[in-house]
1. Given the conditions (1) touching a Lys or Arg at 6+ places or on another chain (Cβ under 9 Å); (2) of a type outside the set (Lys, Arg); (3) not in a helix (DSSP H, G or I), report the number of the one that A:ALA110 does not fulfil.
2. Going by the conditions given, is B:ALA67 surrounded by fewer than 18 Cβ atoms within 10 Å (Cβ to Cβ), touching a residue at least 12 places away in the same chain (Cβ under 8 Å), more than 14 Å from chain A (Cβ to nearest Cβ) and assigned to a helix (DSSP H, G or I)?
3. Are there any pairs with C-beta distances below 6 angstrom linking a residue in the stretch B:78-102 that is in the same structural domain as B:LYS340 (by TED's automatic domain parsing) and under 15 Å from B:ILE56 (Cα atoms) to a residue that is crowded, with 22+ Cβ neighbours inside 10 Å and among the β-branched types (Val, Ile, Thr), with the two at least 6 apart or on different chains, and if so which?
4. Residues of the stretch A:268-277 being outside any helix (DSSP H, G or I) and either more than 7 Å from chain B (Cβ to nearest Cβ) or under 23 Å from the mean Cα position of the chain (by Cα) (or both), which ones?
5. For the stretch B:197-207, give me each residue that is more than 12 Å from B:ILE277 (Cβ to Cβ) and either in contact with a strand residue (DSSP E or B) (Cβ under 9 Å, 6 or more places away or on another chain) or hydrophobic (A, V, I, L, M, F, W, C) (or both).
6. Between residues in the stretch A:254-266 that are on the phi < 0 side of the Ramachandran plot and residues that are charged (D, E, K, R) and not in a loop (DSSP other than H, G, I, E, B), which pairs lie under 6 Å by C-beta distance while being six or more apart or on different chains?
7. Across the stretch B:403-445, what is the number of residues that are in contact with a Ser or Thr (Cβ under 8 Å, 6 or more places away or on another chain), within 9 Å of chain A (Cβ to nearest Cβ) and not in a helix (DSSP H, G or I)?
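The values are calculated or read from the model by the stated rules, or taken from the named source; none is laboratory data. No experiment lies behind these values; they were computed from the predicted model shown. Note that each Cβ is placed from the backbone with ideal geometry, even for glycine, and that neighbours are counted across all protein chains shown.
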Amino acid sequence: MTTLSRQQGLPIPKPSRKARRDWRGWAFVGPFMAVFLLVFIAPVIYAVYLSLFREQLVGGNAFVGFENYLLVLSDGKFWEAFLRVLLFLVIQVPIMLVLALAAAMAIDSARLHATGFFRIVIFLPYAVPAVVAVLMWGFIYGGNFGLAANINDFLGSEVITPFTREWILPAIGNIVTWEFVGYNMLIFYAALRTIPTELYEAAELDGAGPFRVITGIKIPALRGAIVIAAIFSIIGSFQLFNEPNILKPLAPNIITSYFTPNMYAYNLSFAGQQFNYSATVAIVMGVITAVIAYVVQLRGSRKEDR
Amino acid sequence: MTIKRSSSGIRRSAAAIVAVAAISAALVGCSADAGSSGGSGSASDLDAALEKGGTITYWSWTPSAEAQVAAFEKAYPKVDVKLVNAGTNTDEYTKLQNAIKAGSGAPDVAQIEYYAIPQFSLSESLVDLSQYGFGDLKDDYSASTWGSVTSGDKVFGLPQDSGPMSMFYNKTVFDQYGIEVPTTWDEYVAAAEKLHAADPTKYITSDTGDSGFATSMIWQAGGQPFQADGTNVTIDLADAGSKKWADNWNRLIDGGLLSDIPGWSDEWYKGLGDGTIATLITGAWMPGVLEGSVPDASGDWRVAPIPTYDGTPVSAENGGGGQAVIKQSKNPALAAAFLKWLNNDPESIKVFLEKGGFPATTADLESDEFLAQAPEYFGGQKINEVLTAAAKDVPSGWQYLPFQVYANSIFGDTVGQSYANKGNLNDGLAEWQKQLVDYGNGQGFTVNK
């Protein structure tokens, strides 16, 4: 680095400098850049482009400027979907992260027998494809022949009714928690493993109990991992799609076509051919997600500095 | 250092923007209309195309497709038909729509249900087959199915199957609770009450709101809520027929007499097998489904005419569809020739019937062999006599919307809410209409103006 900047300080004539800054570097990043442009930047630009037009089944395509954005911002269906995933996020994400944290601590505590077994068992649901997992839960939730029905029969009343307006969100939250606790646990567990053992020895010498070790050493050391896990979970919640979309045939009237913002965008474009409006919904949702994730990251890292 | 980095940063992003602009321009180019192939042709072109041979792609999810394609290739060895199962109904339509929009990738021949044909014909995605003399085939098909694939003189496809509605009922359950087979809707509601009172776990039928069922029921009640003339569309889901059905069905919803098991779910098949669901009001293609997916109930089920409002026999079509030639086809004459063989040649239809299909061709609907069939699953009842009789009682004049696929996708959001809340179906229909009018006008149609 030092050599490099010193070289730059020298009064080298321009052409040769240009020659040194040849395109060799591009050869290395080239493949990445090409793929990055093609699969990441290009779709985003194309979506932005789409969002400025309106193509009708009758009458063709027309440039409409920001009209689609104004429509989205005043679209009751969009905001209903947004508030639904926001509510989901506020309740499901903390529950899932606390469970994951507890599992990671338990496995890391070295007081558990067969930690490897527990680690793999808790992680296993993450390895099940989401579609398969949701189908499986769909059977379990079945109110007539599923496990839910069996429990209701046993209790003699309709206690478990996942496919009702009141319970559908907790039912989906349960599936998502089941799927992702293991994944988050692994993030936390990996972070716990990086804590130097000297700290524990020092804490023991100072007479700190296990709970003091958790609050004084483990949690502060995990802060970065918690922020990362929280951001992943926030993005995941805003993008909620698989679970409600697969459960929709089982609860067609409870899970509407605009149950989550992603489902709304999907149905707009694939059932209604409103590709332009759908792109606008996706962009607005992407911006909101980015802003919220960024705020969480800022707050998280500020705490870390303190 | 800083300055240098940022200047190269600018250059880099400039390069990126240029590259992206080029890519997105290419993408935009893709979406432009590929133009219409097809052009003009005549009946003699079909034989010539078969003679010459070639390769075509056929999208279908019918169980008989594979055997039919094999038989076709045997008869015309020079033609290679690539059969692709691109998904069932809306899954296929989504892919088809995307391929049409992209300008490439669409099949030559595709299976499209009757309710979706207006959507594809309106966007001029289908070849008008009248140029190949398909108009002469009119008398080969039942009137309602022919009406579903044509618009004026234009022929957008050939009917493959049909689904005149009948009532499938579980005789074992009916006998157990001493229920007479209902012939009118009043009797049907009474039977629903009697059954559910006798055994609260049993229901006359299951319905959680199904757009295909609801529109067919409105059809049976004499409604014509959708009328389209080009881009002028009229939607009236409060017409006499719509109201008649809604008021009738409200009685079942209010009384909690409908099972809330969603159709086509795993629980639904179980419910059909164990008597939880005692009747089905559905299309004539149902026997194959029952035999295939509800084997446990063999011997329990029978078929009766659909109940009526006033005793005069009247039915409606439910489901069913045909095949069409997509304009993108590079060999429309060969595609049309294949289609004509597929849905008009006795050899092909024989294969179709063997696989449990219910035909749209009048010759087969009236053939003695077909009528005499007495499947064991239905206790030896000659069910085709009942089912074909229903085909004759279908009122003409019914139309689907030119955006029916979308309409069906928001049925649960609107009419479905009446089911979920045990509310008034008329309110749900009104909300459906409101959203459809908004959508149609937003898409450039002139709806209710």
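1. That leaves (1) as the condition not met.
2. yes
3. B:VAL81/B:ILE56
4. A:GLN274
5. Matches in the stretch B:197-207: B:ALA197, B:ALA198.
6. Pairs found: A:ILE255/A:LYS248; A:THR256/B:ASP413; A:SER257/B:ASP413; A:TYR258/A:LYS77.
7. The number of residues fulfilling the criteria is 3.
One line per residue, one yes/no per condition, for (1) within 14 Å of chain B (Cβ to nearest Cβ); (2) over 28 Å from the mean Cα position of the chain (by Cα); (3) among the hydrophobic types (A, V, I, L, M, F, W, C):
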{"site": "A:ALA102", "(1), (2), (3)": "no, no, yes"}
{"site": "A:ILE107", "(1), (2), (3)": "no, no, yes"}
{"site": "A:VAL134", "(1), (2), (3)": "yes, no, yes"}
{"site": "A:GLY138", "(1), (2), (3)": "yes, no, no"}
{"site": "A:PHE145", "(1), (2), (3)": "yes, yes, yes"}
{"site": "A:ILE151", "(1), (2), (3)": "no, yes, yes"}
{"site": "A:ILE168", "(1), (2), (3)": "yes, no, yes"}
